[in-house]
Amino acid sequence: MKISKAAAAAAVAVALSLTATACGGGADKASDGGASGGAKKDKIVIGIKYDQPGLGLKTPDGKFTGFDVDVATYVAKELGYQPDQIEFKQAVSAERESLISNGDVKLVVATYTINDKRKARVDFAGPYFLAHQDLLVRADDTSITKAEDLNKKKLCSVTGSTSAQNVKTKLAPDADLREYPGYSECLTGLENKAVDAVTTDGSILAGYAAQEKNKGKFKLAGLKLSDEPYGIGLKKGDKELQTKVNAALKKMVEDGSWQKAVDANLGPADYKADPAPQITEGS
């Protein structure tokens, strides 16, 4: 009888153990969205700008809008991630390479111009957009139609901007350069006639001009003072990811989503975007 009781107790213990294991396994599967056994991760972290209307902007209610956000969302979907699986992380210009190389983000989609200096530290997919340095002037100003017209004029850009220095050293050496902390301050100065023009990439200027509070106040000069091919930054040497992102960008153009995103985000400022560029990275 004692043996029978012991055996019964052991059987109960085994049954309870198996039940607990089964429950635990179910919980684990639920926690990773059913992606067990090394399937896709439950989220992807993408670096974007938080302060560029029309391109990458975090709104007061915590939402993200802009062309770069639309591109990032489309690419993430092609990689197997739904919008609620995307975590956007702020990627200020000076930190983009570090965010990628340290593994803080998987991708950076943040008006990220492809150049050799950056390619020494990270790889790119794309380009997915070709921007050009331009000027923003007051809507009623007809005195500035080319870069040389900035001589003796007050030109605004942000502190340390290569765009402003490009104008100052190469195009209009007699321009009176004013450097402000941010582009919002430049636009305030332009509206108040403290400055005569603002310069950076035309796509960025278009985003500011398209804001509801700025509509009708400013216009783009429509100049192409430089070429700025925007790429998607990723970890150096990750050729598999680069190939997948390039394929997603090609599909975005082919199915019309790229043009739709350009029109929705930059069209309100009457920005004339170049056609989608040919992908050169990774080829």
Next item on the list: For the stretch 203-267, would you read off the P(r) tail past 21 Å as a percentage of all alpha carbon pairs?
Entry: 46 percent
Note to self: Quick check on the chain: what are the equivalent-ellipsoid semi-axes from the Cα gyration tensor, as sqrt(5λ), descending, whole Å?
What the structure shows: 51, 19, 17
Note to self: As a test of reading the structure, rank Arg138, Arg96, Arg178, Arg121 by solvent-accessible area (1.4 Å probe, protein chains only), most first.
What the structure shows: Arg121, Arg178, Arg138, Arg96
Checklist line | Residue-normalised accessible area of the stretch 76-147, expressed per residue, 1.4 Å probe, Å² | finding: 44 Å²
Margin query: Once you place label points 7 Å from the Cα toward the Cβ at Asp140 and Tyr50, how far apart are they in nm?
Written below: 3.8 nm
Next item on the list: For a label point 7 Å from the Cα of Glu78 along Cα→C-beta, name the residues of the stretch 129-147 whose backbone N is under 20 Å from it.
Entry: 129-131
Check: For the chain, what is the calculated [θ] at 222 nm in deg cm²/dmol (nearest 500), taking -39500 (n - 2.57) for each run of four or more DSSP H residues and dividing by its residue count?
Finding: -10500 deg cm²/dmol
Note to self: Accessible area of the chain with a 1.4 Å probe: how many percent of it is carbon plus sulfur?
What the structure shows: 52 percent
Notebook entry, point to check: What accessible area, in Å² to the nearest ten, does a 1.4 Å probe give for Thr280?
Noted result: 80 Å²
Next item on the list: Provide, in order from the shortest bin, the percent of all Cα-Cα pairs of the stretch 44-112 in each 10 Å bin, continuing until the bin that contains the maximum pair distance.
Entry: 23, 56, 21, 0
Item checked: Per principal axis, descending, Cα span of the stretch 132-283 in whole Å -> 51, 31, 25
Notebook entry, point to check: What is the distance, in nm, between label points placed 7 Å from the Cα along the Cα-to-Cβ direction at Lys224 and at Asp42?
Noted result: 4.8 nm
Checklist line | Mean shadow area of the stretch 64-201 over all directions, Cα convex hull, nm² | finding: 9.8 nm²
Next item on the list: Kindly flag which residue pairs out of Lys119/Lys224; Lys77/Lys224; Lys89/Lys244; Lys58/Lys272; Lys63/Lys119 have an alpha-carbon separation exceeding 29 Å in this structure.
Entry: Lys77/Lys224; Lys63/Lys119
Next item on the list: Express the accessible area of the stretch 155-246 per residue in Å², computed with a 1.4 Å probe while the remaining protein chains stay in the model.
Entry: 45 Å²
Margin query: List residues of the stretch 102-122, by number, whose backbone nitrogen lies under 20 Å from a label position 7 Å along Cα→C-beta of Ala264.
Written below: 109-111
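The values are calculated or read from the model by the stated rules, or taken from the named source; none is laboratory data. Note that the structure is predicted; figures quoted are calculated from it, not measured. No Cβ is skipped: glycine too gets one built from the backbone with ideal geometry, and neighbour counts run over all protein chains shown. These area figures cover heavy atoms from the full protein model, side chains too; ligands, DNA and RNA do not enter into them. Shrake-Rupley method; radii C 1.70, N 1.55, O 1.52, S 1.80 Å.
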